[in-house]
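Read the structure below first, then the notes.
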Amino acid sequence: VDLLGLTAEAAAQGATVDGEDRGEFRWLMASDVCKHCTHAACLDVCPTGSLFRTEYGTVVVQEDICNGCGYCVPACPYGVIDQRKDDGRVWKCTLCYDRISDGMEPACAKACPTDSIQYGPLDELRERAAARVEQLHEQGVDDARLYGHDPDDGVGGDGAFFLLLDEPEVYGLPPDPVVTTHDLGSMWKHAGAAALTLLGGVAAAYAATSLG
């Protein structure tokens, strides 16, 4: 199961502000929720298991287990994890884990009056979204595109993906999101090799000193 957030656009031609003609403007809207990455870096760096993958494929943080280390905050490529100033514990969108566990929709999808936010099986949502993009292109909205739907992107695809009407950067989203712990294994390998080299050098120097 998964969530699809569709953006809404409102455009006005020849709008005036304080009597001055400001030309065309538009509102571009998107929900700033956790993307529930397939390859979630926040899970990789959490030392307490506070962050975990649920049986629905979503990523949830247990605030009572969080120790406030904050490692997950910079690990998130989307910057959606917030941290309390007093005790350092973090929180984020859980895709209403308590609601979906009871067979209900997430609150945002349930409350949305325009059905812009939709919830359901991921494959069905991708098909529905692709059809919507095609419809917008036929209407002349050439910039319409899906974001976070591709399982071959840098995070393996997102659980919450979006229909955008402009470049991702306009919405404050990275154009090419990449799991931040992608090179973590090789970094530890190189660090280990460097440590062994250093120890070898120290041992050789000690041996030389002893022989001298």
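Brief remarks on what is shown
- Of the criteria (1) under 21 Å from GLY120 (Cα atoms); (2) out of contact with any Phe, Trp or Tyr (no Cβ under 9 Å at 6 or more places or on another chain); (3) open to solvent by 60 Å² or more (accessible area, probe 1.4 Å), which one GLU105 fails: (2)
Conditions (1) open to solvent by 50 Å² or more (accessible area, probe 1.4 Å); (2) in contact with a Lys or Arg (Cβ under 7 Å, 6 or more places away or on another chain); (3) at pLDDT 65 or above, marked per residue:
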| residue | (1), (2), (3) |
| --- | --- |
| ASP153 | no, no, yes |
| GLY157 | no, no, yes |
| VAL170 | yes, no, yes |
| PRO177 | no, no, yes |
| TRP188 | yes, no, no |
| LEU198 | yes, no, no |
| VAL202 | yes, no, no |
| GLY212 | yes, no, no |
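- Here the range 108-150 is the region considered, the condition is being surrounded by 13 or more Cβ atoms within 10 Å (Cβ to Cβ) and polar (S, T, N, Q), and the residue that is modelled with the lowest pLDDT is SER116.
- Residue in the range 94-116 that is under 30 Å from ILE65 (Cα atoms), of a type outside the set (Phe, Trp, Tyr) and within 15 Å of the chain's Cα centre (by Cα) present: yes
- Residues of the range 35-53 that are exposed (fewer than 15 other Cβ atoms within 10 Å of the Cβ) and either assigned to a loop (DSSP other than H, G, I, E, B) or of a type in the set (D, E, K, R) (or both): PRO47, THR48, GLY49, ARG53.
- Scanning the range 59-87 for residues that are part of a loop (DSSP other than H, G, I, E, B) and closer than 19 Å to SER31 by Cα, we see that the one that is most open to solvent (accessible area, probe 1.4 Å) is GLY79.
The values are calculated or read from the model by the stated rules, or taken from the named source; none is laboratory data. Here the structure is a predicted model, which is why all the values come from computation and not from measurement. Methodologically, a virtual Cβ is constructed for each residue, glycine included, from the backbone with ideal geometry; neighbour enumeration extends over all protein chains shown. Remember, those area values only see protein heavy atoms, side chains included, never the ligands or the DNA or RNA. Shrake-Rupley method; radii C 1.70, N 1.55, O 1.52, S 1.80 Å.
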